[in-house]
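The values are calculated or read from the model by the stated rules, or taken from the named source; none is laboratory data. The structure presented is a predicted model; accordingly, all values stated were derived computationally and were not measured. Glycine also receives a Cβ, built like all others from the backbone with ideal geometry; neighbour counts cover every protein chain displayed.
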Amino acid sequence: MKQEPKQTSRPDHKGTHNPNARLTDKIVLAIAGEPRGWGKNRGIAQKYGVSYHTVVSIQHGRRWASVTGE
């Protein structure tokens, strides 16, 4: 008997609907709107209290794409 793959996340738990979300839509849009450039992302990360990788992932549309529209 073949098992169905386990669903890792619920479709209705995207963005701020996820009970573990630390960011709001407003903060994500602010991060996405910040100017990009060498050395700027670390300052953005400190400003919003998130990691450098979170900032880069938001800016490149790998995270929070449901909010940024990318």
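Restricted to region 1-29, and to residues there that are among the polar types (S, T, N, Q) and within 16 Å of the chain's Cα centre (by Cα), the residue that is modelled with the lowest pLDDT is Ser9.
Pairs needed: first member in region 36-49, among the hydrophobic types (A, V, I, L, M, F, W, C); second member anywhere, in a loop (DSSP other than H, G, I, E, B); C-beta distance under 7 Å; at least 6 residues apart or different chains. As it stands, the answer is Ile44/Glu34; Ala45/Ser51, since those pairs meet every condition given.
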